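Before any comments, here is the structure.
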Amino acid sequence: MVECANPNLVRFRYLYPLTNPVPSMSNQDFEERQQTEELGYDPNFVPDSVKSFVVHLYRHIREKNVYEIHQMYESSFQTLSERLFKDTPWPSVDAVAHYVDNDHVFCLLYREMWFRHLYARLTPTLRQRIDSWDNYCSLFQVVLHGVVNMQLPNQWLWDMVDEFVYQFQSFCQYRAKMKNKTEQEIALLRQFDQAWNVYGVLNFLQALVEKSTIIQILEQEKEGLEQFTATDGYDYNGGSNVLKVLGYFSMVGLLRVHCLLGDYHTGIKCLLPIDISQQGVYTSVIGSHITTIYHYGFANLMLRRYVEAIREFNKILLYIFKTKQYHQKSSQYEQILKKNEQMYALLAICLSLCPQSRLVDETVNSQLREKYGEKMARMQRYDDEAFAIYDELFSYACPKFITPSAPSFEEPLVNYNQDAYRLQLKLFLYEAKQQQLLSGVRTFLKVYSTISLAKLASYMEVDEPTLRTILMTYKHKTHAVDSDGKITSNADVDFYIDDDTIHVVESKPAKRYGDYFLRQIVKLEGVINEMDGIKLD
């Protein structure tokens, strides 16, 4: 591999985008596309622009020119896909291998991109799903056990982990739809029963975490002995960032897999080495940032840690609101908008179960009221209509849960791809229904500073033993165990009982006058500028 003359120069240039290295479609490319469409897909036909792409990408990888790799990966690959391969796969790896010296690692990387494009544009066959699994196995084996002397952009490394988990999820859902499977498909599923096996997926992700020693690196960084976050995971001393950054993103991948399986405790535990209260390498890629907070927030919601979920959803939604205009040309823009809408739905659920509006920024709160204000008011009633809204929002915003086990081929073939989702929905709605009586208790507690048990029992039309049970339930449901094992309160209204008298303690949020005045000053300056621009006759 040829070293970069000045790796710091690469880092500096990485901040400033260059023009797209792929030229506009030439007459030759146009004719090539027409021929491809007329004759059908030929996996061995390689247009000149693709030859140029793979040759230049291979050279930049050899030279560790991260900036140029990023440009080609993010811009050129998307441009060529749109122009030449909108409805067909890219040329096969065998067709391009001799242009890149039959380099084994580059061919694995090319196939990784090839399958990702296939999943995005077409519907993969079972054979292709199995082949993609084999390619990931080979690629990760090289990273884990070989000598990888290259630097790749964080965006690409994140996409590898993200796509790996997505294809696992897609395979589980595909396999669970057994009703219309052909005999050939069933025979392939029997033959390749280890493809996308849940233990294999978890083992690869865990192996990347352990072999990269990323947990120890992050610990050393806290002591000032490492510069992993400061350099965004890149190695400017001529080394490789691939294993370390893959290990880092694999912690996010493990969180996502465990959320898909419904194991929220383990998912959050896998993410603990990353301090999400601070900027990190996970925030260097918008897709990674959103995926991390979406799954972290959802896991906290399901564990009744509503305050933590609200706090993180608020931060990421405010960040997306401020920065989404810069991602409009990104291939991920639609996915960003979708996750944005889903997280607003999850925030509406959290605030309906745990009214803590003081934790939400004014901008986010304004957007939330615009999208879900009416539904949130109806969710507070806890009647059948309210539960229908909880059902609707949860179904829209939740991850696509999976059943990881293979079906029994001896029994009648049925579709069970919705079973995991129905189970999680049932558990969530059961939790929401348990909050029904609590809304009444909270309403009364907000009115009084002290009230006798007998008086509150009469207001709520229950006897005193039943009221004591309700109050204990309120205490239980408004407290949760955090990641450190400490019991924390989600309640904005708390109480204690002394001699049959309830004493209410209501938390008073600190008022932030500074933010309010700054916003008003900005508005006033805007009005003054508009007035200055008006010409009076």
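If you go through the stretch 488-532 and keep only what is in a loop (DSSP other than H, G, I, E, B) and modelled with pLDDT of 80 or more, you end up with Asp499, Asp500.
Quick check on my filter: what residues within the stretch 409-445 are open to solvent by 80 Å² or more (accessible area, probe 1.4 Å), under 29 Å from Asp494 (Cα atoms) and either basic (Lys, Arg) or at pLDDT 85 or above (or both)? Hits for the stretch 409-445 are Lys426, Leu427, Tyr430, Lys433. Every listed requirement among (1) part of a helix (DSSP H, G or I); (2) within 24 Å of Arg129 (Cβ to Cβ); (3) at pLDDT below 95 is met by Glu221 save one, (2). Go through the stretch 21-70 and count every residue that is under 33 Å from the mean Cα position of the chain (by Cα), modelled with pLDDT under 50 and open to solvent by less than 60 Å² (accessible area, probe 1.4 Å). Qualifying residue count for the region: 1.
Taking the stretch 325-352 as the range and being open to solvent by less than 70 Å² (accessible area, probe 1.4 Å), modelled with pLDDT of 90 or more and within 19 Å of Thr292 (Cβ to Cβ) as the test, the residues that pass are Ile336, Leu337, Lys339, Asn340, Glu341, Gln342, Met343, Tyr344, Ala345, Leu346, Leu347, Cys350.
Residue-by-condition table, conditions (1) more than 21 Å from Lys400 (Cα to Cα); (2) in contact with a helix residue (DSSP H, G or I) (Cβ under 6 Å, 6 or more places away or on another chain); (3) open to solvent by 50 Å² or more (accessible area, probe 1.4 Å):
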residue: Tyr99; (1), (2), (3): yes, yes, yes
residue: Pro153; (1), (2), (3): yes, yes, no
residue: Trp158; (1), (2), (3): no, yes, no
residue: Val165; (1), (2), (3): no, yes, no
residue: Met178; (1), (2), (3): no, no, no
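Filter the stretch 292-308 for residues that are open to solvent by 20 Å² or more (accessible area, probe 1.4 Å) and in a helix (DSSP H, G or I) and give the result. Selection gives Tyr296, Met302, Val307, Glu308. Assess whether Tyr333 counts as being touching a residue at least 40 places away in the same chain (Cβ under 8 Å) and touching a helix residue (DSSP H, G or I) at 6+ places or on another chain (Cβ under 8 Å). No: the conditions fail for Tyr333. For the stretch 242-288, a residue qualifies if it is more than 21 Å from Tyr319 (Cα to Cα) and either among the aromatic types (Phe, Trp, Tyr) or not in a helix (DSSP H, G or I) (or both), and the qualifying residues are Tyr248, Gly262, Asp263, Tyr264, Leu272, Pro273.
Return yes when Gln328 is of a type outside the set (Ser, Thr, Tyr) and more than 22 Å from Arg369 (Cα to Cα) and no when it is not.
So Gln328 fits the description; yes.
Out of the stretch 377-402, which residues are open to solvent by 10 Å² or more (accessible area, probe 1.4 Å) and in a helix (DSSP H, G or I)? Scanning the stretch 377-402 gives Ala377, Arg378, Asp384, Glu385, Phe387, Ala388, Asp391, Glu392, Ser395, Tyr396. Output the residues belonging to the stretch 240-278 that are open to solvent by less than 20 Å² (accessible area, probe 1.4 Å) and more than 17 Å from the chain's Cα centre (by Cα). Once the filter is applied, which keeps residues that are open to solvent by less than 20 Å² (accessible area, probe 1.4 Å) and more than 17 Å from the chain's Cα centre (by Cα), the stretch 240-278 yields Asn241, Val242. In the stretch 119-130, is there at least one residue being farther than 25 Å from Gln332 by Cα, out of contact with any helix residue (DSSP H, G or I) (no Cβ under 9 Å at 6 or more places or on another chain) and of a type outside the set (Ser, Thr, Tyr)? No: zero hits.
Screening the stretch 469-487 for residues that are part of a helix (DSSP H, G or I) and polar (S, T, N, Q) and picking the one that is least open to solvent (accessible area, probe 1.4 Å) gives Thr473.
Within the stretch 213-264, the residues that satisfy the criterion of being aromatic (Phe, Trp, Tyr), more than 17 Å from Asp162 (Cα to Cα) and without any contact (Cβ under 8 Å) to a residue 60 or more places away in the chain are Phe228, Tyr264.
Of Asn149, Asn135, Asn102, all but one fail to be over 23 Å from the mean Cα position of the chain (by Cα) and without any contact (Cβ under 8 Å) to a residue 24 or more places away in the chain; the exception is Asn102.
The values are calculated or read from the model by the stated rules, or taken from the named source; none is laboratory data. From a predicted model like this one, the values you see are computed outputs, not experimental measurements. Virtual Cβ from ideal backbone geometry, glycine too; neighbours counted across all protein chains shown. These area figures cover heavy atoms from the full protein model, side chains too; ligands, DNA and RNA do not enter into them. Shrake-Rupley method; radii C 1.70, N 1.55, O 1.52, S 1.80 Å.
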